[in-house]
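Since every read-out is calculated from the coordinates, none of them should be taken as a lab result. This one's a predicted model, so the numbers in the text were calculated from it and none came from an experiment. Here the Cβ positions follow ideal geometry from the backbone for every residue, glycine too, while neighbour counts run over all protein chains shown.
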Amino acid sequence: MQFIQLYGQYGARLDRDQSVHGLIVHPHSWYLNIIEPFLFWGAEVHLVSLEKIWVDRTIHIVAFRHFIGKLNEEWQDFIIVATVLLNANVAFLSIQSVDLGGVVLPNRSAAQIVSYISIVTSLGSAILSLLLVRQNRSKGRESADVVANFLGNMTHSTRGLEHLAILYALPYALLMWSTLTFLAAFSLDCFVDASVFTRVPVG
């Protein structure tokens, strides 16, 4: 361990997230910079945390266990919120003014279409969160060698751990899109083709 940390040498590692090669800047790939706004910058948060845990291809197992435990808690919370949003969308679509009084029309209203998008994204968030919790539940109890092999296999030669950070950020991003599209559907129903008596109380 002292050899890995360059103990007693100039440039020895003084902190767990410090590289023995000096200050290393990991520039983001062009496609990560493009999709980050659509992920609500969630991948950036996970990427910074992963890069502090996986330094010089050396794993800090205590920090990783704390990181993965916190992620599992977040994903479980996302499942609950996504379920609530799914029920809210179903209730919203059952409103008579939204479903056009039960009349079957070839074209759906804007509020209905946006609500459908909210349903799809909430289901995507819940399903992906379930899969990630199932896959990563036991990782907090695995040995440092197993975790190091996992992160080593997930590390790209030029992009580092970007792909893993994007995967971990997807449940949050889908949940945010579900929330925003539900609010958009509600706003469309209240402000488009609505009377003044409906628009004034809402805003």
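Measure off 7 Å from each Cα along the Cα-to-Cβ vector at Y116 and V146, then give the distance between these two points in nanometres to one decimal.
4.4
Expressed in nm to one decimal, what extension gain is obtained for the pair T155 and N87 from 0.36 nm per residue of sequence separation less their Cα-Cα distance?
On the way: separation 68, 0.36 × 68 = 24.48 nm, distance 3.85 nm.
So the extension gain works out to 20.6 nm.
Taking just the alpha-carbon atoms of region 30-197, what radius of gyration and Dmax come out, in angstrom?
Considering region 30-197 through its Cα atoms, Rg and Dmax are 20.1, 65 Å.
Which value in nm describes the separation of the simple spin-label points at K52 and H163, placed 7 Å from the Cα toward the beta carbon?
About 2.6 nm separates the two model spin labels.
What length, rounded to one decimal in nm, is gained on full extension from N107 through to I95, with 0.36 nm per residue of separation minus their alpha-carbon distance? Don't skip to the end; give the middle numbers.
On the way: separation 12, 0.36 × 12 = 4.32 nm, distance 1.74 nm.
Taking 0.36 nm per residue and subtracting the Cα distance, the gain is 2.6 nm.
Would you mind calculating the gained length between I34 and E74 on full extension (0.36 nm times residue separation, minus the Cα-Cα distance), in nm to one decimal? Kindly include the intermediate steps, with their values, before the conclusion.
Values: separation 40, 0.36 × 40 = 14.40 nm, distance 2.49 nm.
The I34-E74 span can extend by a further 11.9 nm.
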